[in-house]
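Note sheet for the following structure.
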Amino acid sequence: MSNTTHTPSQETTPASPYGTLPPASTPASRKPVSLPRLADMHARGEKISMLTAYDATFAAMADAAGVDCLLVGDSLGMVCQGLNSTVGVSLETMRYHTDSVSRGLRRVQGTAWLIADLPFGSYQESREQALRSATVLMQAGAHMVKLEGGGWTTETVRFLVERGIPVCAHLGLTPQTVHALGGYRLQGKGDAGALLKQHAHALQDAGATMLVLEMVPAALAADLTAELKHCATIGIGAGKATAGQVLVLHDMLGINLGKMPKFVRNFMADAPGVLPALKAYVQAVKDGSFPDDQLHAW
Ligand code: KIV
């Protein structure tokens, strides 16, 4: 290994014996995904594709496949760190992975919109704590932060948005509160659906421009998708009507150490490699063939 000074120009001219990142293969015409572009896609009814990413190489590959949004999800606690839940993921770990994903995107002049999860314990205390934590992730390269829950989170979302931090909310199965929810199970059934809707509207009014809906009945997600004009719903186990879809990268590549959730399709099963599998996911989200409500929804 050379001990010469590491300059920015060396960053852009990789000559590493340890492998290089895949070249950008997204169409040259693809402009960087931005909040106005996402709002435009939402308004036109173009489905938004989102995948989790935790490292530079997969981030570059997902971008090359045309994924619109990358989420540095705190699911990395399970996927990368071997934890039982996301509760043990620290802000420093999220910063490290956000930095890696962001660097991977920069190396290939990537265009994807980059979202990072605020981990458990990094925003619950106060709006000021949320701002400090969001700043760490934005300075690591995130374009938007995601936080879980409704009701009490509304004022936190407003506080962040007013200070220039785009926010994605997350309702339904919120894994950081899995112990309070009693397990990874369907949320928003029956009467609980009305409260979830109320929370979703309040989050939109507070300025959240995206809303992940995880493991909720497809009919509830469809209603909310039609009602929320300024906040794009992104479903995971929420049926096909949502404005976009997200999956955990490893799940959709069929590399899951546990039981595969019902809402996942293994895109590697019919693909000759990772890049074609990622492209097939984008295509299936865009043309509405994934998810299939008969197989992947409640
Ligand atoms: O952490 C994560 O990966 C997520 C997605 C499952 C939405 O929050």
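The values are calculated or read from the model by the stated rules, or taken from the named source; none is laboratory data. Keep in mind it's a predicted model, so treat the numbers as computed, not measured. All Cβ positions, even for glycine, are placed from backbone atoms using ideal geometry, and neighbour counts span all protein chains on display.
What about THR26, is it surrounded by fewer than 22 Cβ atoms within 10 Å (Cβ to Cβ), away from the ligand (no atom under 16 Å from the Cβ) and either more than 21 Å from ILE236 (Cα to Cα) or modelled with pLDDT under 75 (or both)? Yes: the conditions hold for THR26.
Of all residues in the stretch 128-156, those satisfying the criterion of being within 17 Å of the chain's Cα centre (by Cα) and of a type in the set (A, V, I, L, M) are ALA134, LEU137, MET138, ALA140, ALA142, MET144, VAL145, LEU147.
When the stretch 85-98 is filtered for residues that are closer than 14 Å to SER133 by Cα and away from the ligand (no atom under 11 Å from the Cβ), the ones remaining, listed by number, are SER90, LEU91, GLU92, THR93, ARG95, TYR96, THR98. When each of ALA116, ALA134, ALA130 is tested for being buried (at least 20 other Cβ atoms within 10 Å of the Cβ) and either closer than 17 Å to ALA53 by Cα or among the β-branched types (Val, Ile, Thr) (or both), the lone residue that passes is ALA116. Being surrounded by fewer than 20 Cβ atoms within 10 Å (Cβ to Cβ) and of a type outside the set (D, E, K, R) is the filter; apply it to the stretch 160-171 and report the residue that is farthest from the ligand (Cβ to nearest atom). Looking at residues that are surrounded by fewer than 20 Cβ atoms within 10 Å (Cβ to Cβ) and of a type outside the set (D, E, K, R), I get GLY164. Residues in the stretch 60-84 that are more than 13 Å from the ligand (Cβ to nearest atom), assigned to a loop (DSSP other than H, G, I, E, B) and more than 14 Å from MET144 (Cα to Cα): ALA65, GLY66, VAL67, GLY82, ASN84. The residue of the stretch 232-258 that is surrounded by the most Cβ atoms within 10 Å (Cβ to Cβ), among those that are touching a strand residue (DSSP E or B) at 6+ places or on another chain (Cβ under 6 Å) and without any contact (Cβ under 8 Å) to a residue 40 or more places away in the chain, is THR233. Among residues that are touching a residue at least 40 places away in the same chain (Cβ under 8 Å), within 16 Å of the ligand (Cβ to nearest atom) and of a type outside the set (A, V, I, L, M, F, W, C), THR174 is included.
Among the numbered conditions (1) crowded, with 23+ Cβ neighbours inside 10 Å; (2) among the aromatic types (Phe, Trp, Tyr); (3) over 25 Å from ARG95 (Cα atoms), the only one that TYR123 does not meet is (3).
Can you say whether ALA277 is surrounded by fewer than 24 Cβ atoms within 10 Å (Cβ to Cβ), at pLDDT 95 or above and farther than 29 Å from ASP55 by Cα, as far as the supplied structure shows? It is false that ALA277 is surrounded by fewer than 24 Cβ atoms within 10 Å (Cβ to Cβ), at pLDDT 95 or above and farther than 29 Å from ASP55 by Cα. All conditions but one from (1) part of a helix (DSSP H, G or I); (2) at pLDDT 95 or above apply to TYR54; the one that does not is (1). Among the residues of the stretch 29-51, those that are within 19 Å of ALA142 (Cβ to Cβ), surrounded by 18 or more Cβ atoms within 10 Å (Cβ to Cβ) and of a type outside the set (Ser, Thr, Tyr) comprise VAL33, LEU38, ILE48, MET50, LEU51.
Only one of (1) under 18 Å from the mean Cα position of the chain (by Cα); (2) within 13 Å of the ligand (Cβ to nearest atom); (3) of a type outside the set (Gly, Ala, Ser) is not met by PRO36, so which one is it? Of everything listed in (1) under 18 Å from the mean Cα position of the chain (by Cα); (2) within 13 Å of the ligand (Cβ to nearest atom); (3) of a type outside the set (Gly, Ala, Ser), PRO36 misses just condition (2).
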